[in-house]
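Enquirer: First, the structure itself, so that you have it in front of you.
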Amino acid sequence: MDVIRRSVNSVLSTGRKADASSLGTCNKAWDEFLVKRDQKGISLEDFELGRSIGKGRFATVKIAELKEQRDLPICLKVLRKTAVIELEQAEHVVNEKNVLTSVSSPFMIRVLDTFQDTHRLYIAMELVIGGELFTLLRAKKKFEEHASRFFAAEMASALLHLHSMLVVFRDLKPENILVHKSGHLKLTDFGFAKYLKAGKTATICGTTEYMAPEIINRQPYGLMVDWWSFGVLVYEMLAGRSPFNDADENQVLSLVLAGRVSYPVNFSKESKDFVARLLTKSPTRRLGAPEIADSWTIKGHAFFKPLNWTDVESGNLTPPFVPQLTNPMDNFTQIEDSEQVTGEPPSCEAEFRLERRVRRRLHAARPLGTGISAWTSARRARHWRRSWSRSAAMPRKRRHGSFKRKTRRGGKGWKGRRRQPRRWMWMSLL
C-alpha cells in the first residue's frame, strides 16, 4: 500500500491546478531518466510492486515504483508468455513493444523499458491517473466545440507522428485515450499498432463502431483507417453518441458500410464539414489522404483555425478540463489478483480450450453483416442475391450491364434454381 501512496502522491505533488508547462516538465523528467536508464538495463528486482489496476486474458497491469527513483510513478504491464503464444497474440505484443519504444510524441504514453524473464514479458510505462477520455465524456455527456477541438488537435498530432513513421494505430477510441494530470491527453494501448512495411495490410481488427469500411470489406488498407476512426471520435465528442449507434453489432456494420451520417443541430458548419470529410467511404478521398494533399489538410482545416499548432504540439495550450481527484485511486478499479509475478505462472489450459472453442464457433457461424455486396440493405437481404453482370463477350448493346439473377447450375436437379446467398463470415479478435 505504501507503494501506491508514494507513487500516486508523487503524481499529485505539483498540485491539482495545471499550468502551461506541466506536461513539458513531466516529459522532461522522463527524458532525463531514460538517459540514465540507457547506461544500464533494468530488471524486476529494480521495482517495488503494488496492487493490480488492470487485468486481461494474458496480461496484468500493476502499480510499481523504481527503488532508485521513487518520485517517478510507473505502471508495469506483465504478460504471460504461454498465454501470449496460445492466444496467438505474439505478433501484436511484438508490434506494441516496437512502436512504444520508438515513438516520441508528448501525447503518447511514455515507456521506461521492456525486459523479460523465463516465464513473463514486462513493459514499464508512466502512470497516468486522470482516467480515460471515455469516462470524462460520459460524465460531461458531450463536449463544447472548443473542448472537442482541443482534444481532437492533440490526438491528430499523435496520429500524424505515428503516420510519419508509417505506423497505423487501428484502435483509436475514447477508452484508449488517457487524461494526464495536467488535462492533456495520452494515447495508450498499442496492441493493434503495426508498421506498414509494404504500405498496406489486411488484418481485420479494431472496435466495431470505429472500424473503417475498407476493414469490414476485407480490403487491403493503409494509414487512412485511423482518420476514419478519428472522425468517429470527433463526432462522438461533439454529439455525445456514435454516428453508427446500434445495439446490434451487425447493424452497426451495415450503418458503417452505408456511410449515411446525420448531424445534430449543434454542429457548426466547420465541424460538420470536418467530420463529413473524415467519414468519407473512399480512403483516397478521405481528409488527410496522400492522394489529396499532405498532412496539412488536417491541420489547415477551418475546424482548427482558432488554434496555433506550435502551441498544440508543445503542450502550451490550456486544457478545458483538469482532473480533480479527491482520492488518488479514484480512476482505478479494485482488481482481485492472487497471481504472483515471480515463479512459473499457473496453468491456463482450461481457458485456452474455451478460447479455441469460441473462436471456432465464431469462425463457423458469425456473419460479417448485411453490408457486403448484395446485403447492403434489409430489403435486398429478403431476396435472392443479385449482382451486376458485365462481360466482354456480350453484344455491344448489352455491355453496359444488366441486372440478372445468379443461378446455380451443374448437377442434376440444380438447373434453373436460384442460388442461396452466401453469408460472409467474420471472426472477431477476442
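Just so it is clear, none of the values below were taken in a lab; they were calculated from the coordinates. Fair warning: this is a prediction, and the values are worked out from it, not measured in the lab. Counting neighbours? That spans all protein chains shown, and the Cβs are built from the backbone with ideal geometry, glycine included.
Enquirer: What GluC sites (Glu not before Pro) does the stretch 261-322 have in DSSP loop regions with at most 14 other beta carbons within 10 Å?
Expert: The qualifying sites are E291.
Enquirer: Along Cα→Cβ, 7 Å out, is where each label goes; now give me the distance between the ones at D117 and S43 in nm to one decimal.
Expert: Distance between the two pseudo-spin positions: 0.9 nm.
Enquirer: Let me ask another. Figure the gain on full extension for T284 and E91 (residue separation times 0.36 nm, minus the Cα-Cα span) and round it to one decimal in nm.
Expert: Working it through step by step, the gained length comes to 66.7 nm.
Enquirer: Loop-only check: which GluC sites (Glu not before Pro) in the stretch 40-73 are DSSP coil with at most 10 other Cβ within 10 angstrom?
Expert: For GluC sites (Glu not before Pro) across the stretch 40-73 that sit outside H, G, I, E and B with at most 10 neighbouring Cβ atoms in 10 Å, the list reads E68.
Enquirer: Separate question: Of K77/K299; K97/K181; K97/K197; K141/K272; K77/K186, which sit over 23 Å apart, Cα to Cα? All intermediate terms of the calculation are to be shown ahead of the outcome.
Expert: Values: K77/K299 34 Å; K97/K181 25 Å; K97/K197 17 Å; K141/K272 19 Å; K77/K186 17 Å.
K77/K299; K97/K181, as the Cα separations exceed 23 Å there.
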